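Only one structure is covered here, and it is reproduced in the block below.
The values are calculated or read from the model by the stated rules, or taken from the named source; none is laboratory data. Predicted, not measured: the structure shown is a model, and the values here were computed from it. Because the Cβ atoms are built from the backbone with ideal geometry, glycine has one as well, and the counts that use them run over all protein chains shown. Each accessible area value is taken on the protein alone, full model and side chains, heavy atoms only, with ligands, DNA and RNA left out. Shrake-Rupley method; radii C 1.70, N 1.55, O 1.52, S 1.80 Å.
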Amino acid sequence: MRLPFVSIAAMAVALAAGSLLRADDGYRLWLRYDRVADESLRATYAAAFTEIALPAPTRPGFSLGSIEAARDELTTGLKGLLGVDLSTVSQPTRDGALLLGTAVRSPELAGLVSEADLRAASEEGYVIRPVIFAGKRCVLVLGNRDVGVLYGAFALLRHVQLHEPIAGLNLVSAPRIQRRLLNHWDNLNGFVERGYAGQSLWRWFELPDIVSPRYRDYARACASIGVNGTVLTNVNANALVLTPAYLQKVAALANVFRPYGIRVYLTARFSAPVEIGGLKTADPLDPAVKQWWTDKVAEIYRIIPGFGGFLVKANSEGQPGPQAYGRNHADGANMLADALVPYGGIVMWRAFVYDNNVPADRHTQGFSEFQPLDGQFRSNAIVQVKNGAIDFMPREPFHPLFGAMPQTPLALELQITQEYLGQSMQLAFLGPLFEEVLDADTFRPNAGSTIAKIVDGSVDLHGISVIAGVANIGDDRNWTGHPLAQANWYAYGRLAWDHQLTSAQIANEWTRLTFGNDSAVVQPITSMLLESHEAVVNYSMPLGLHHIMAEGHHYGPGPWVDQAGRADWTSVYYHRADANGVGFDRTKSGSNALAQYAPEIQNLWGNPATTPDNLLLWFHHLPWDYRMKSGRPLWDEIALHYQSGVDTVRTWQKAWATLNGKMDDERFTHVKQLLARQEHDARVWRDACLLYFQQFSKKPLPAGVEPPEHPLDFYKAQQIHFAPGHPGAH
Ligand SMILES: CO[C@H]1[C@H](O)[C@@H](O)[C@H](O)O[C@@H]1C(=O)O
């Protein structure tokens, strides 16, 4: 259809007036590359980057590789930041050349840095520093492998985006964990389990014929923070993805991701040999079953070179598994590991297991099923453990399996999607949570054996290391629903690369990349981010309370949930509130789940006086008038925590108001509305929980806590109404 001239003109006027949505403000994530406003700084950068030199280019006839991806990103990024068009040459022709290459293919470049630097860059890292080459002053971006150059390019762009000085530039970095994965819980029908940012990015029906440019932008974002693998499908798996037609679709995605250093992985449904293979059994010790998987894996590698491997959820929440045949988790994992090993593939077998035989304490089940199997897994089988033993609660003590399976590489599974932390409605920056988990000391085999060091393999000297984050990404224009939830994708990647970074550093970095370097913007946003996780804990599950959310959707409060038949899905099972007190006794006098931890931890957390306040009710059932470290009675302390969560959200609303006019209207208005909603929903949590627990405590609210707006029944009814149609419900 020909557009009449007048409508185009009208559109131009509308655009100029800013009345159309400038949707790219959210889309570009932290890769914004906006012009450096300070002219003298821009001139300094422009003098430092005058052209791109690729002395050992590129394999003629090959499709885009990592070095070409690096060159393209630098060309686009520096054009945006500096307004310059960089040409690509094979040898530097003038000062200021950006010299890209690998030690393997360009030994003359390797000679420009020390052996020690090359070793430090290791497999995937980079060295960036000023050098003289071919008589010209250059900036060298060197990797041992191509992908290191790509990571270096992103690091250099980040450096410029952050307005860091060029003088003395010296960046050497390499990841501490080998496989840094996103786990998508995306179903083949397009719905994302516990995903709150629209539908799945993967358009299965269109693939492999239509390859959306968005897949490349996803890969760029992942590569920019060092994510090097993606499990495309839900752990609640569908065997169809292993059929030839779907493997072709997966291959199309893998082709886009490969230059960005990203391997594709799939979830393997354990019963696939029966469902799509026509076998009568999926028994892992049955020769026909083994053969089926061997053939299937060979087929996958034919279609998808560089395939990463499988992630498996077995014998948990209705998923099929080896126990149906009287076999154990190691039997199942090893059968798949054997099929994958000739190709360098791995299997990640999840330890998140629980079934209908609810043990006395669900907390103990993963440990009981897996710990005795230590030493029985193949070397390419990894046991993937959630950060805590229950389920991604706003705060959990670390999972007792960490440190207890020294002969098995353990992957840490974190949840980036905010299933229990306000989903895409609420600000909860997860950097501090991830950091708290990574830094937790297991005392196994000795003090200082943190989860980070167990996962990166340094404690038990494993040759393989994996970290996984359940993605918060969907097809919303801004990728994550809540604009500030992009920070959680970013923080996960940065910590997966280097678990020694602090969440404060990461929050500052992300904010500057995403909203610019003006301190009047950076300071308030960074503070909000850093306070937010604790604030959500305070107004939802303070002092170690857990699993008291509403049924199904898991968004709001539901301390009253008490359905017959499935105790460990009910709230009353977890908080155990009665006239005598509240909390789950996991010490010797209770479930003794504490016995699964090292003696040092047992001593610390076995006694309420030495248990940190933030885990108190996780491990102890205490009277309402128990005297807290603050000197206040427990009941008052609970109530004041709820109130303080609400108060904190209100301070963000004020802080956000100061940003009006300092960013695009789109993000400003969206976050403003979200914060108003969060303030409301925080009050709902506070009022509902305090009214509920007050039935047992029989005590008045302490001074400083606002009286509830509605009676308890109002909140009970409201939470049920949330469920139908809520994106995360299932
Ligand atoms: C994919 O299923 C999820 C389920 O939606 C979720 O509520 C729970 O957190 O954990 C399960 C798991 O991790 O397997």
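Quick notes on this structure:
- Residue order for GLU39, GLU123 - accessible surface, 1.4 angstrom probe, largest first: GLU39, GLU123
- Gyration tensor (alpha-carbon) shape descriptor, the stretch 434-549, a/c threshold 1.5: prolate
- Amide H contacts of ARG137 (H built 1.01 Å from N, under 5 Å, at least 5 apart or other chain): ASP95, GLY96
- Value of relative contact order over the stretch 31-173, rounded to a whole percent, pairs C-alpha under 8 Å and six or more apart: 28
- Among THR50, THR88, THR480, the order of accessible area from largest down is THR88, THR50, THR480, computed with a 1.4 Å probe on protein heavy atoms.
- Considering only the stretch 179-515, percent of DSSP beta bridges that pair antiparallel, nearest 5: 5
- Structural descriptor for the chain: relative contact order 11 percent, calculated from alpha carbon pairs under 8 angstrom and at least 6 residues apart.
- In the chain, taking the dipole from charged Cβ atoms about the Cα centre, the farthest positive-side position among GLY516, LEU401, THR526 is held by GLY516.
- Surface composition of the stretch 179-515: carbon and sulfur make up 50 percent of the accessible area, probe 1.4 Å.
- Given charges at Cβ of Lys, Arg, Asp, Glu: the chain dipole, positive-most of PRO320, ALA609, GLY65: GLY65
- Computed [θ] at 222 nm, helices only, for the chain once each DSSP H run of length n ≥ 4 contributes -39500 (n - 2.57): -12000 deg cm²/dmol
- Ordering ALA411, GLN248, HIS547 by the projection of their Cα atoms onto the charge dipole of the chain, which places +1 on the Cβ of Lys and Arg and -1 on the Cβ of Asp and Glu, puts GLN248 at the extreme positive end.
- Whole-angstrom gap from the stretch 485-514 to the stretch 61-124, using each part's C-alpha centre: 25
- Estimated dipole of the stretch 31-173 in Debye, rounded to 20 [Cβ of Lys and Arg +1, of Asp and Glu -1, Cα centre]: 120
- Global geometry of the stretch 179-515, whether rounded, prolate or oblate, following the gyration tensor of its Cα atoms and the 1.5 cut on a/c: oblate
- Note on the chain: with charges restricted to the Cβ of Lys and Arg (+1) and Asp and Glu (-1), its dipole about the Cα centre is near 1020 debye.
- Accessible carbon and sulfur surface of the stretch 31-173 relative to its total accessible area, %, 1.4 Å: 53
- Span from the the stretch 596-637 Cα centroid across to the the stretch 418-433 one, whole angstrom: 25
- Whole-angstrom gap from the stretch 533-588 to the stretch 231-255, using each part's C-alpha centre: 37
- The stretch between ASN517 and ARG214, if pulled fully straight at 0.36 nm per residue, gains 106.4 nm over its current Cα-Cα span.
- Only Lys, Arg, Asp and Glu carry charge here, each on its Cβ (+1 for the first two, -1 for the last two); on that basis the stretch 463-536 has a dipole of about 100 debye about its Cα centre.
- Each residue was assigned an accessible area with a 1.4 Å probe, and for SER224 the value is about 10 Å².
- Within straight-line reach of LYS699, meaning a Cα separation under 30 Å, sit the following lysines at least 8 residues removed in sequence or on another chain: LYS588, LYS629, LYS716.
- Just so you know, the averaged projected area of the alpha carbon convex hull for the chain sits at 34.5 nm².
- Where LYS629, LYS296, LYS588, LYS654 fall by accessible area, highest first, once all protein chains stay in place (1.4 Å): LYS588, LYS654, LYS629, LYS296
- Mean accessible surface per residue for the chain, computed with a 1.4 Å probe while every protein chain stays in place, in Å²: 37
- Computed over the stretch 152-255, relative contact order equals 35 percent, with contacts defined as Cα pairs under 8 Å that lie 6+ residues apart.
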